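**Q** Take this structure, written in structure tokens, and hold onto it; I'll ask about it next.
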Amino acid sequence: MSKNHDVKYKCPYCGYVFDMTVYDAVNVQQDPDLRDRCVYGEIFQQECPHCHKQFLVQNDLLYEDPIHKFAIWVCAHDFGKMDIRAFTKPLVQKGYVLRRCATVKEFTEKIQILEDGVNDVMVELAKYDCFIEFVDNKKGKPEDITSIEYQRTENDVMHINVKTGDKGMAFMIPTAMLEEEMNQKPERYKVDDSEMPLVNADWMVSLFMSPAGRA
């Protein structure tokens, strides 16, 4: 079930201290109205009742979707020495995909990916390939890129958008081609759901780093 609690918070703009409600857990099967608030990141949005400024407060949050069988732990730091297998093992046995997201942006995109039933490792590989192609074909410099975003997958084609400021370049990649690339070195892309791994752009880049620290 979904859980929330109230905490005292000091407005970063005017310094006013007020009580705000933060969510610790969201179950979208039991509370479907919270799904959109999570998808758009609104569940982390707060407003000061004094100056009425809005701001983001990223608290730890467990998001569970029993229908699509995935759970996401929103947490900026890793689990350290915490043993989470007592929690994750039953979900893995039910066929859940388990992930950790370090940022709200990663979280909102991850919901879309997993709702689409797409392998998120494949998505990160597609985004990495688009980055390489964008730079190698001299479409722009790495520092020009502001974001690389998953759009959708339809008719076995994945759509990725590489953004540079207010412009964007669309890439369409057949999923069969990505599957073939992953099958060449399956151990490289293997993840353990019981550890709620962080599967994001930084993780994908790390897979291609040599011992010398160069891609």
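**Q** Do any cysteines in the chain lack another Cys Cβ under 4.7 Å, and if so which?
**A** Among the cysteines of the chain, those whose Cβ sits 4.7 Å or more from every other are Cys38, Cys75, Cys101, Cys130.
**Q** Can you compute the helix-only [θ] at 222 nm over the chain? Use -39500 (n - 2.57) per DSSP H run of at least 4 residues, normalise by all residues, nearest 500 deg cm²/dmol.
**A** That calculation yields -8500 deg cm²/dmol at 222 nm.
**Q** Hey, another quick one. State to the nearest 20 debye the size of the charge dipole of the stretch 88-211 about its Cα centre, where the only charges are +1 on K and R beta carbons and -1 on D and E beta carbons.
**A** So the magnitude is around 260 debye.
**Q** To check my understanding: the extent here is largest minus smallest coordinate of the Cα atoms along each principal axis. What are those three numbers for the chain, in Å, largest first?
**A** Computed over the Cα atoms, the extents are 52, 43, 40 Å.
**Q** On to the next question. Tell me which lysines have Cα within less than 21 Å of Lys127's Cα, excluding those fewer than 8 residues away on the same chain?
**A** Lys105, Lys110, Lys138, Lys139, Lys141, Lys163, Lys167, Lys185, Lys190
**Q** Related question: Take the alpha-carbon centre of the stretch 82-113, take the same for the stretch 42-59, and report the distance between them in whole Å.
**A** Computed from Cα coordinates, the inter-centre distance equals 25 Å.
**Q** Amide H of Phe70: which non-local residues (sequence gap of 5 or more, or other chain) have their own amide H closer than 5 Å, using H built in the peptide plane?
**A** For Phe70, whose amide H was placed from the backbone, the distant partners under 5 Å are Asp65, Val97.
**Q** Who wins for biggest fluctuation among His50, His159, His68 in a Gaussian network model of the chain, springs between alpha carbons below 10 Å?
**A** The residue that fluctuates most here is His50.
**Q** In addition: Mind jotting down a quarter of the surface of the convex hull over the alpha carbons of the stretch 94-136, in square nanometres, one decimal?
**A** Its average projected convex-hull area is 3.6 nm².
**Q** Go ahead and run the numbers for FRET between Ala176 and Gln151, Cβ-Cβ distance against an R0 of 22 Å, rounding to 0.05.
**A** 0.75
**Q** I need the semi-axes of the equivalent ellipsoid of the stretch 141-215: take the C-alpha gyration tensor, multiply each eigenvalue by 5, square-root it, list largest first in whole angstrom.
**A** In descending order, the three semi-axes are 23, 19, 13 Å.
**Q** Oh, and also: Run the quick spin-label model on Lys81 and Val205: label points 7 Å from Cα toward the beta carbon, then report their separation in nm to one decimal.
**A** Roughly 3.1 nm, to one decimal.
**Q** How much length is gained on full extension from Glu42 to Met169, taking 0.36 nm per residue of separation minus their Cα-Cα distance?
**A** 43.0 nm
**Q** Along the Cα→Cβ direction, 7 angstrom out, place labels at Tyr16 and Asp33. What is the inter-label distance in nm?
**A** So the two model labels end up 2.5 nm from each other.
**Q** Which value, in debye to the nearest 20, gives the size of the charge dipole of the stretch 52-154 about its Cα centre, when Lys and Arg are +1 and Asp and Glu are -1 at the Cβ?
**A** The dipole of the stretch 52-154 has a size of about 320 debye.
Quick note: the coordinates plus some simple rules give every number you see, no bench work behind them. The structure displayed is predicted, hence computed values, not measured ones. For neighbour counting, all protein chains shown are included, and Cβ atoms are generated from backbone atoms with ideal geometry for every residue, glycine included.
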